[in-house]
Every structure is written in structure tokens, then in C-alpha cells.
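*Asks:* Below is one structure. I have some questions about it.
The values are calculated or read from the model by the stated rules, or taken from the named source; none is laboratory data. Everything quoted here is computed from the prediction, not taken from an experiment. Neighbour counts run over all protein chains shown; Cβ positions are idealised from the backbone, glycine included. What goes into the accessible areas is simple: the full protein's heavy atoms, side chains included, and nothing from ligands, DNA or RNA. Shrake-Rupley method; radii C 1.70, N 1.55, O 1.52, S 1.80 Å.
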Amino acid sequence: MKKSIIILLLLSLCGGCNFSLSGSDKDSTFLCVPIDSCLRSYIESYPQDSIFRLCFFHLDDTDYVQICRWEEYGSNDSAYVDYYSHIGNKLIICFSLDTWSRDSLIYKEKMTKFDGIIDGMEPSPVGGGSDDYDHHPVYLKVISKDSILVSQDMPRKKKRVGEILDNVVKNADINAKLNDYMERYDGFHYFLRFANYKNADYVTIGRSDVYAEKDVVGHFLRNGNMVIIYNSSGEVDLKPYINLDSVVPYTGHSINARKGKPEFYFRPDIGKYKIDSKGKVMKVDSYSPIYIFI
């Protein structure tokens, strides 16, 4: 019964267009059967598009794949691309596959490892795909190699309620600001980024769907949500602010999240604060000259 429901869902995505595959294309699949079937049906629904993206991510102990169209291969995309392949004359770009935990569902040996260029094509210096272009993305919840659930709604984290049990953030003001931010904004993960500027310590509190390896100290969980700690160039003595014994140190593989470039930390809703000598925090206005340095 479950398989019948899944098949019907996949067929409902197909737009009945002129996209076709040769025999060799059909035999060289690099995806498990349900993901492959859904991707091919999605491609058939958008015959005018030539680039498609598979974005792999993990949320609430579950693996997901987002399928969407991609406007062009741009320079910003290179921060995310792991592998690429083709189905017929369509380019399939895989984002953050190397951070995914279900390798048995993806056959990397049938794909091309990204090395900065795709089929000899340098990325466009501007542009690239954007979420504004993803008019009709599809989300696949991976149950097993034989079973997926299809949705057109973005999966969200389960809301965590109850007492906060961790004792990681020692500074009371920073702790309160982090709690307030997490209550107001949903995110794949959150971060505390410490920096020192002209002998004063600062902290940025924000959320992101990617993390950058540069300056990562480690992470901790708060009410089931990941919080990543950054220390810009190691300039800040974190001991007055963070109980480092309770932080999972970053090893290059200890964070189950998408990697990105450092500039992807920033969103309009982040908060930047100066920490005074008594540990009190004061908000830094976005028009302040030091805002871009911290």
C-alpha cells in the first residue's frame, strides 16, 4: 500500500512533456530508485530548464533532498557543490552531498567530483541560482532506499519546549539574547560568533542554513537545536563566556550541516553586541562604522 501511494505521488509530479532518455541514460542512474524516479518526473515537468539542483540536508534526525530548478551555475554556487552528473541533456548539480549521512542511496562512483569547474565550464562571476527562482521546489523525506515521502512544503524543525538543560553559555546576557533569538526565529542551526576589535570583545548571534569551516570552535545542542561557536582568528578568550568542556570540538566532521562560505553567516535579523568589562552586552547598530568588522 505504501509503495502504491509513493508511486502515485511521483506520477503526479510529471507534466507529460517532451523530455526523453536514451537507453544508456536509463542504465546509468546515480540515485536510488525512488529519488531517481522523482527527479526524472520533476525534469519532465520543466522541459525549458537545463540545470537542476539536488540539495541534501539533515533535520530532526531525518534526511531530506530538495529538488529544484537552477537558473545558472554561478560563482556563489561553488561553495556548495560536491558532485554533478547528467540525465539526458540536463545538468544535475548536487549540493552538500558530502555532509549527508545516507551514502548508500547515492552512487558517487557514477558521478563527477566537483573540482571548481563543470564540464570545462567556469562559473558565471555573477548570478547563479537563487531561492527566488525556486518557484516549485519538491522536498523528499527519505525513509529508506526503497521509500520516500514527497512534499512541496519546506520541512521545519520540530518545536522544542521545556527547560533548557545545557550549561554551555556562562555569560547571562549572552545566554538570554540567544534564548530570545531562538524563540523568535526558526533556523536550521544558530551561531555565536565572537570577535575582538580594538581590544573589545563582541558577539554576533544569528541563524543560518550553512556553516563555514573557518574559525569554527565547535557546537552544542540547546533544546535539540544546534548552536555553532565561532572565534574570529582565535582572538577572543572564550572562557569567561563559554564552558568549553561542554562544547563538542570541531573536527571537520562533527557538524552535521551544510558547508558554505564565510559571507553566508549573515542575515538581516542577526544581532551584534559589544561585551563590556563586566560582561554586559550592548547592541551595535548596523550603521555603526565597526559593524562590518565584528
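*Asks:* Starting from region 30-54, keep only residues that are touching a residue at least 12 places away in the same chain (Cβ under 8 Å), then list their pairs with residues that are in a strand (DSSP E or B) and among the small types (Gly, Ala, Ser) whose Cβ atoms are within a distance under 7 Å, requiring at least 6 positions of separation or different chains.
*Replies:* Pairs found: Phe30/Ser85; Pro34/Ser147.
*Asks:* Being modelled with pLDDT of 80 or more and open to solvent by 80 Å² or more (accessible area, probe 1.4 Å) narrows it down to one residue among Lys145, Lys110; which is it?
*Replies:* Answer to the check: Lys110.
*Asks:* So which residues in region 32-43 are assigned to a helix (DSSP H, G or I), within 16 Å of Cys94 (Cα to Cα) and not hydroxyl-bearing (Ser, Thr, Tyr)?
*Replies:* Passing the criteria: Ile35, Asp36, Cys38, Leu39, Arg40, Ile43.
*Asks:* List, please: which pairs have Cβ atoms under 9 Å, are six or more places apart or on different chains, and start with a residue in region 226-243 that is farther than 15 Å from Val169 by Cβ and assigned to a loop (DSSP other than H, G, I, E, B) and end with one that is open to solvent by 20 Å² or more (accessible area, probe 1.4 Å) and among the hydroxyl-bearing types (Ser, Thr, Tyr)?
*Replies:* Close Cβ pairs (under 9 Å, with a partner that is open to solvent by 20 Å² or more (accessible area, probe 1.4 Å) and among the hydroxyl-bearing types (Ser, Thr, Tyr)) amount to Glu235/Tyr197.
*Asks:* Return the residue satisfying two criteria in turn: it lies in region 245-266 and is at pLDDT 85 or above and under 25 Å from His58 (Cβ atoms), and of such residues it is least open to solvent (accessible area, probe 1.4 Å).
*Replies:* This residue is Val247.
*Asks:* Residue by residue through region 281-294, note down the ones that are surrounded by fewer than 13 Cβ atoms within 10 Å (Cβ to Cβ) and at pLDDT 90 or above.
*Replies:* Passing the criteria: Met282, Lys283.
*Asks:* Between a residue in region 183-205 that is over 16 Å from Asp173 (Cβ atoms) and any residue that is modelled with pLDDT under 95 and open to solvent by 50 Å² or more (accessible area, probe 1.4 Å), which pairs come within a Cβ distance under 7 Å, given they are 6 or more apart or on different chains?
*Replies:* Short answer, once both residue conditions are applied: Asp186/Arg156; Phe188/Asp209; Ala195/Glu235; Asn196/Glu235; Tyr197/Phe293.
*Asks:* Looking at the structure I just gave you, is Gly162 modelled with pLDDT under 70 and either over 30 Å from Asp49 (Cα atoms) or surrounded by fewer than 14 Cβ atoms within 10 Å (Cβ to Cβ) (or both)?
*Replies:* It is true that Gly162 is modelled with pLDDT under 70 and either over 30 Å from Asp49 (Cα atoms) or surrounded by fewer than 14 Cβ atoms within 10 Å (Cβ to Cβ) (or both).
*Asks:* Could you grab me the full set of residues in region 84-104 that are open to solvent by 30 Å² or more (accessible area, probe 1.4 Å), closer than 19 Å to Asp115 by Cα and at pLDDT 80 or above?
*Replies:* His86
*Asks:* Regarding region 49-64, can at least one residue be identified that is open to solvent by 40 Å² or more (accessible area, probe 1.4 Å), of a type in the set (A, V, I, L, M) and modelled with pLDDT of 85 or more?
*Replies:* Within region 49-64 (the criterion being open to solvent by 40 Å² or more (accessible area, probe 1.4 Å), of a type in the set (A, V, I, L, M) and modelled with pLDDT of 85 or more), the answer is no, since none of the residues qualifies.
*Asks:* Could you tell me whether Asp186 is surrounded by fewer than 17 Cβ atoms within 10 Å (Cβ to Cβ) and at pLDDT 90 or above?
*Replies:* no
*Asks:* While we're here: When Val33 is evaluated against the numbered criteria (1) in contact with a Cys (Cβ under 6 Å, 6 or more places away or on another chain); (2) at pLDDT 80 or above, which criterion, by number, is the only one it fails?
*Replies:* The failed condition is (1).
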